[in-house]
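Step one of this worksheet: look at the structure below.
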Amino acid sequence: MSSYDHKKSVENKNARDVHYGDNNIYHVNEKPLQKIVTIGSAPSPSKHFLGRKDDIAKIKAKSGKLILVNGMGGIGKTEICKNLFAEYSKTHSAVQHVGWVVFDRNLKNTLYGKFIATREIADFEKNYIQTKIHINDLSDKLVLFIDNMNEISKEDKTEINSLACNVIITSRQLTHDNNIEVVEIGVLTEDDCVSLYEEVLGRKNYDHEVVKHIVQKGACLTLVVELLAKTAKRARLTDDELLEKLNKNGFDLSEIKHTVDDDKSFNECLSKLFDLSKIGTDELLVLKQFSLFPPQPLDYEYAEKWFGQDNPDILNILIDKGWLIDTGTGIYMHHVMADVVKYENMPSYQECVKLVEMLAKDLYCSETEIFTDKLPLLPFSVPVAQRFVNDKDENIALLLHTIAVLYKKQSDYDKALKYYKKALAIKKVLGKTHPSTATIYNNMAGVFEAQGEYSKALEYYEKALGIYEKVLGKTHPSTARTYNNMAGVFKAQGEYSKALEYCEKSLAIKEKVLGKAHPSTARTYNNMAEVFKAQEEYSKALEYHEKALEIDEKVLGKTHPLTAITYNNMALVFANQENYDKALEWYLRSIKILLNILGREHPNTVTVFINMKYAYTQSGKTSDFTTWLIAQLNKEESTHEPI
């Protein structure tokens, strides 16, 4: 098992104490809003969309701000809203802005990272707060679609009611609320279903009465009608042959089409199509694994990597058979299909071990990677980890651990601790003195440290250190990292002698084992510099920052966030020496990187911005700081020369 190397967030501790109040940088390089304000490709309407003009007209006729498009699964709610979204997205539409999100457990998770204007805010709570502010600023100029909100909690209902924009929700759940206007969606007409069936099948000559019986057995549900047509097409069945097989297998949804809540009967009936679809063993395994994911597109790169390595055609086959859906940018399974698959074929852990391994591997964020690049994988990783959390396996522990690490990086400390504890519970079963158990202690300590709970942080660092020293030895890099982390806590507590003592312990190991040019060695150089700076030994502080900088620029590159942190730390030394012009030079280098990589509202960017503004004010310059900063950044963009 690989272990995550917890690193210090020295940028937060080393900056002068600040509050976030009015100090923001919303106006730096601000761009005009686009028509579509959410992330990702717009949902593409099905090419087989038919009818529904009356349903779309009913939605448009509603005057309220909150509309619930309600109906049983597979009836076509999402497709109706996709077409409405496509209409609103056109430049000539009277609607100024539109957004589309797929519901993910609760409203906070659903909105996180989905809006273009706030996607750069990595902190989970701050992202949600700023996203709500952004939505409410747009007010009734925005129509926001929330798809598949099938579990509407009281908290979510309250939050949605607080949004000032127009909201259109699709849901199987009928909720009673005076603020919600409901549009109930019925089944497609028989004639439209016959046309849909034949359009998907792609032939002109057919027996109208036979096809009519087929769509009746599919309860005129658009999802089922398409699945039946694709089943016939893939199996090369005539209409008579398909109807005969449906009768033989006892497939008939027409009797349960009005019992929206009878999922068991619905799933039991629809599962009879497995045999007709001729789902092979390997195909069934892919469907089982896909059923664990949320109904949102998985990028082609990962879909092919996780499911298509052994059989590159398997995904296309399942798309052709109608069990998976290709959006043009990714692949997903409709939640109705997922329920059917899990009804008779609930995936076991043994069937998903390989998937769990790949999720943990791809979610892992190394020191040289940008963690925000990993966030799109979280919605797929979390449900898999939750499904198998009781399987006391090392791979599940690693997946839980990597999830926790990403939550910690988003400053979502409660969730981080929750997943660390789940991982730790498994690790204790596997061994209380295992090095990976120590790594979890180490990372939990990092969360406590970030929360300012220094005594608890030291307690957990000491637990980690005890295991590392005993199992790996006193000269192992993991032992050195823990010394380094403990030094940061001592520094935060003002125990500078002890901080330097632990820095020197860490440095002695790292220089010997990893070498003087390793990024981990650079972190300890940086931390030692910060201790010297706190003691006003500025020459020594610069000496050690320069050691760190040489490594960062050479190994990580001049545009890496960790390099930017070192630039910021050097600027702080110059600012403390009242050499503000020199400080501004280094702050500019830092903020340029952070704006490009982490975004305007990432805590590191905000910290550098505030430090920089302080140095600018102290330098005696009289012009507006933000105006000056924008000019400097624009100058940099136009000249393409280093600052």
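Here are some conditions: (1) under 20 Å from E536 (Cα atoms); (2) open to solvent by 40 Å² or more (accessible area, probe 1.4 Å); (3) not aromatic (F, W, Y). V489 meets all but one. Which one does it not meet?
Of the numbered conditions (1) under 20 Å from E536 (Cα atoms); (2) open to solvent by 40 Å² or more (accessible area, probe 1.4 Å); (3) not aromatic (F, W, Y), the odd one out for V489 is (2).
Take segment 283-318 and flag every residue that is under 23 Å from G73 (Cα atoms), open to solvent by 30 Å² or more (accessible area, probe 1.4 Å) and assigned to a helix (DSSP H, G or I).
Result: L284, single match.
Take R589 and decide whether it is more than 24 Å from K374 (Cβ to Cβ) and of a type in the set (K, R). Please lay out each step first, then the result.
Numbers: more than 24 Å from K374 (Cβ to Cβ): yes; of a type in the set (K, R): yes.
So R589 fits the description; yes.
Specify which of the listed residues (D156, D140, D191) is touching a helix residue (DSSP H, G or I) at 6+ places or on another chain (Cβ under 8 Å) and not in a strand (DSSP E or B).
Going through D156, D140, D191 in turn, the sole match is D156.
Take segment 319-333 and flag every residue that is surrounded by fewer than 20 Cβ atoms within 10 Å (Cβ to Cβ) and not in a strand (DSSP E or B).
Within segment 319-333, the first condition is being surrounded by fewer than 20 Cβ atoms within 10 Å (Cβ to Cβ), and the residues that meet it are 319-320, 325-330.
Matches in segment 319-333: I319, D320, T327, G328, T329.
I'd like the full set of residues that are closer than 16 Å to L594 by Cα, open to solvent by 10 Å² or more (accessible area, probe 1.4 Å) and either at pLDDT 95 or above or not small (G, A, S) (or both), limited to segment 554-566.
We begin by selecting, within segment 554-566, every residue closer than 16 Å to L594 by Cα; these are 556-566.
This time we only want the ones that are open to solvent by 10 Å² or more (accessible area, probe 1.4 Å), so: 556-562, 565.
If the condition is that a residue be closer than 16 Å to L594 by Cα, open to solvent by 10 Å² or more (accessible area, probe 1.4 Å) and either at pLDDT 95 or above or not small (G, A, S) (or both), then L556, K558, T559, H560, P561, L562, I565 are the ones that fit.
In segment 386-405, which residues are buried (at least 24 other Cβ atoms within 10 Å of the Cβ), in contact with a Ser or Thr (Cβ under 9 Å, 6 or more places away or on another chain) and not hydroxyl-bearing (S, T, Y)?
Once the filter is applied, which keeps residues that are buried (at least 24 other Cβ atoms within 10 Å of the Cβ), in contact with a Ser or Thr (Cβ under 9 Å, 6 or more places away or on another chain) and not hydroxyl-bearing (S, T, Y), segment 386-405 yields A397, L398, L399, H401, I403.
As an exercise: evaluate Q173 against (1) under 30 Å from V37 (Cβ atoms); (2) modelled with pLDDT of 90 or more and give the number of the one condition it does not meet.
(2)
Within segment 552-587, which residues are over 30 Å from the mean Cα position of the chain (by Cα) and of a type in the set (A, V, I, L, M)?
Result: M570, A571, L572, V573, A575, A583, L584.
Out of the residues in segment 510-553 that are of a type in the set (V, I, T) and farther than 12 Å from V573 by Cα, which is surrounded by the most Cβ atoms within 10 Å (Cβ to Cβ)? Spell out the reasoning first.
The initial filter retains those residues of segment 510-553 that are of a type in the set (V, I, T), namely 513, 521, 524, 531, 551.
Next, only the ones that are farther than 12 Å from V573 by Cα stay: 513, 521, 524, 551.
Numbers: V513: 15, T521: 25, T524: 30, I551: 23.
Going through the qualifying residues, I end up with T524.
Can you tell which of I80, I135, I121 is farther than 28 Å from P603 by Cα, among the β-branched types (V, I, T) and in contact with a helix residue (DSSP H, G or I) (Cβ under 9 Å, 6 or more places away or on another chain)? Walk me through it before giving the result.
Working: I135 fails: farther than 28 Å from P603 by Cα; I121 fails: farther than 28 Å from P603 by Cα.
Within the list I80, I135, I121, the selection yields I80.
Where in segment 394-480 are the helices (runs of 4 or more DSSP H), entirely inside, with at least 1 residues that are over 27 Å from the mean Cα position of the chain (by Cα) and more than 27 Å from H602 (Cα to Cα)?
The helices (runs of 4 or more DSSP H) meeting that bar are 413-430, 435-450, 454-467.
For H258, which of the numbered conditions (1) open to solvent by 30 Å² or more (accessible area, probe 1.4 Å); (2) at pLDDT 90 or above; (3) of a type outside the set (G, A, S); (4) out of contact with any Gly (no Cβ under 9 Å at 6 or more places or on another chain) fails to hold?
Result: H258 passes all but (2).
The values are calculated or read from the model by the stated rules, or taken from the named source; none is laboratory data. Predicted, not measured: the structure shown is a model, and the values here were computed from it. As a convention, Cβ positions derive from the backbone with ideal geometry for all residues, glycine included, and neighbour counts pool all protein chains shown. What goes into the accessible areas is simple: the full protein's heavy atoms, side chains included, and nothing from ligands, DNA or RNA. Shrake-Rupley method; radii C 1.70, N 1.55, O 1.52, S 1.80 Å.
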